[in-house]
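Step one of this worksheet: look at the structure below.
The values are calculated or read from the model by the stated rules, or taken from the named source; none is laboratory data. These numbers come from a predicted model, not from an experiment. Cβ coordinates were reconstructed from backbone atoms using ideal geometry, including for glycine residues, and neighbour counts include every protein chain displayed.
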Amino acid sequence: MSPDSNTKPEFRPMTDSPMGDLAILAGSGNPIFAQRIADALGIKLAPCEAQIFSEGNVFVRVLENVRGRDTFVIQGVHRPVNDNFVELLFWIDALKRASASQVTAVIPYFSYAKGDKKDEPRVSIRARVCADAIEAAGADRVLTMDLHSPQIQGFFSVPVDHLYARKVICDHVRSLNIPNLVICSPDVGFAKSASAYANLLGVPVVIGNKQRKDHTERAQVLEVIGSVDGCNVLMVDDFTITGGSLVSMAEVLKARGAKDIYAAVSHGVLSDGAVARIENSEIRSLFITDTVEPAIEPLGKKIEVISVAPLFAQAIRSIHDRTSVSMLFPDVKAL
């Protein structure tokens, strides 16, 4: 399914805001996603440019007046992670120095959210360092989606609006009319979110038990808690990089008697070789959103992209109009 085929919400014309006119800028990390957001809002992107010089220096410039305007810079922290993150900081600084009334960092995928704790000796809590840097650069608030750990919102002193992809994904899954469906969490850590998926779809949930012994991005699936015999299964997670955990879980589910196996993740990071791994697996379809771009390699026949740009557009509109963003995910209370 093409992301552009999604129905886009109707927006009334922009009205006056206490923070000034709306301006949306596209960083080099998410130009297509930013354009979809602007299209959903019915506005044009503010002209800007980013450049990396031959020695690796990052340069950004806003090409129109943003003085007194409510600005949103859309820049994911994904591959190349460090270049994209530094560029985000420079966009924030440029907008503050250009006298924007408010700067919101829109981070569709925050890769360093995986570094959310000190679970080994002498390691950095990378997400906290990044949060401090974003605030130091001058961000007034942050808008992001499906952080690896929701408590990362507490790493920031500025407001963080945390969106969830599950309603958009569940709407798509519901349209497929998959009978006898069961939701599967790949591990205990995602069980709470998997339960939210199950509540939205009105189906049971089972939990996988996996073990990760090192930093090789490989996990061993040990067992499944719950019965999937004779059921169709939807595995859900916040992101996948190599696809290895999903593929391994699918093999275990098949061995436990599952029929068709689907998977859905908020962020399809998909490193080199991941697509082939998915294509040659027991997974019938993998649903991802459009928060990460560009793909390293063609996505293949099994991977479908579902756009969450309209959801981000609604959140930006709510922030700009000073209305409730939480109304966009009423099921969050189910957590």
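Among the listed residues ILE43, ILE24, ILE37, identify the single one that is modelled with pLDDT of 95 or more and in a strand (DSSP E or B).
ILE24
Of the residues LEU176, LEU234, LEU200, which is modelled with pLDDT of 95 or more, out of contact with any strand residue (DSSP E or B) (no Cβ under 9 Å at 6 or more places or on another chain) and assigned by TED's automatic domain parsing to the domain that holds PRO294?
Being modelled with pLDDT of 95 or more, out of contact with any strand residue (DSSP E or B) (no Cβ under 9 Å at 6 or more places or on another chain) and assigned by TED's automatic domain parsing to the domain that holds PRO294 holds for just one of LEU176, LEU234, LEU200, which is LEU200.
Please pick out the residue among ASP116, ASP146 that is at pLDDT below 95 and more than 30 Å from GLU64 (Cα to Cα).
Residue meeting the stated conditions: ASP116.
For the range 262-292, which positions are crowded, with 17+ Cβ neighbours inside 10 Å, within 18 Å of HIS78 (Cβ to Cβ) and either in contact with a Phe, Trp or Tyr (Cβ under 6 Å, 6 or more places away or on another chain) or of a type in the set (S, T, N, Q) (or both)?
VAL265, SER266, HIS267, VAL269, THR289, ASP290, THR291, VAL292
Would you check if there is a residue in the range 49-60 being farther than 28 Å from LYS114 by Cβ, in contact (Cβ under 8 Å) with a residue 24 or more places away in the chain and acidic (Asp, Glu)?
no
Only one of ALA137, ALA133 is under 18 Å from GLY76 (Cβ atoms) and touching an Asp or Glu at 6+ places or on another chain (Cβ under 7 Å); which? Even if it seems obvious, please write down each step before you answer.
Details: ALA133 fails: touching an Asp or Glu at 6+ places or on another chain (Cβ under 7 Å).
Being under 18 Å from GLY76 (Cβ atoms) and touching an Asp or Glu at 6+ places or on another chain (Cβ under 7 Å) holds for just one of ALA137, ALA133, which is ALA137.
For the range 31-75: of the residues being surrounded by fewer than 20 Cβ atoms within 10 Å (Cβ to Cβ) and of a type in the set (S, T, N, Q), which is farthest from ALA309 (Cα to Cα)?
So, considering only residues that are surrounded by fewer than 20 Cβ atoms within 10 Å (Cβ to Cβ) and of a type in the set (S, T, N, Q), the one farthest from ALA309 (Cα to Cα) is SER54.
Name the residue, out of CYS184, CYS170, that is assigned to a strand (DSSP E or B), in the same structural domain as GLY244 (by TED's automatic domain parsing) and at pLDDT 95 or above. Quick ask: steps written out before the conclusion?
On the way: CYS170 fails: assigned to a strand (DSSP E or B).
None of the others qualify; the one that does is CYS184.
Within the range 47-69, can one find any residue that is assigned by TED's automatic domain parsing to the domain that holds GLN151 and within 19 Å of the chain's Cα centre (by Cα)?
Within the range 47-69, none of the residues are assigned by TED's automatic domain parsing to the domain that holds GLN151 and within 19 Å of the chain's Cα centre (by Cα).
Within the range 231-257, which residues are of a type in the set (D, E, K, R) and within 19 Å of GLU279 (Cβ to Cβ)?
ASP237, GLU251, LYS254
I'm told PHE190 meets every condition in (1) part of a helix (DSSP H, G or I); (2) not assigned by TED's automatic domain parsing to the domain that holds ASN209 except one. Can you identify the failing condition by its number?
Unmet condition: (2).
Going residue by residue through the range 50-73, is there one that turns out to be out of contact with any strand residue (DSSP E or B) (no Cβ under 6 Å at 6 or more places or on another chain), assigned to a helix (DSSP H, G or I) and at pLDDT 95 or above?
The answer is no; no qualifying residue exists.
Filter the range 121-158 for residues that are under 23 Å from LYS96 (Cα atoms), part of a strand (DSSP E or B) and of a type outside the set (Ser, Thr, Tyr) and give the result.
Those that are under 23 Å from LYS96 (Cα atoms), part of a strand (DSSP E or B) and of a type outside the set (Ser, Thr, Tyr): ARG141, VAL142, LEU143.
When the residues of the range 300-312 are filtered to those that are modelled with pLDDT of 95 or more and over 14 Å from the mean Cα position of the chain (by Cα), which remaining residue is farthest from ARG166 (Cα to Cα)?
LYS301
Does any residue in the range 97-115 that is closer than 24 Å to VAL325 by Cβ come within less than 8 Å, Cβ to Cβ, of a residue that is among the acidic types (Asp, Glu) and in a strand (DSSP E or B) six or more places away or on a different chain, and which pairs are these?
Cβ pairs passing all conditions: ALA100/ASP70; SER101/ASP70; GLN102/ASP70; THR104/ASP70.
Need pairs with beta-carbon distance below 8 Å; first residue polar (S, T, N, Q) and within the range 152-180, second in a helix (DSSP H, G or I); sequence gap 6+ or separate chains.
What qualifies is SER157/GLU135.
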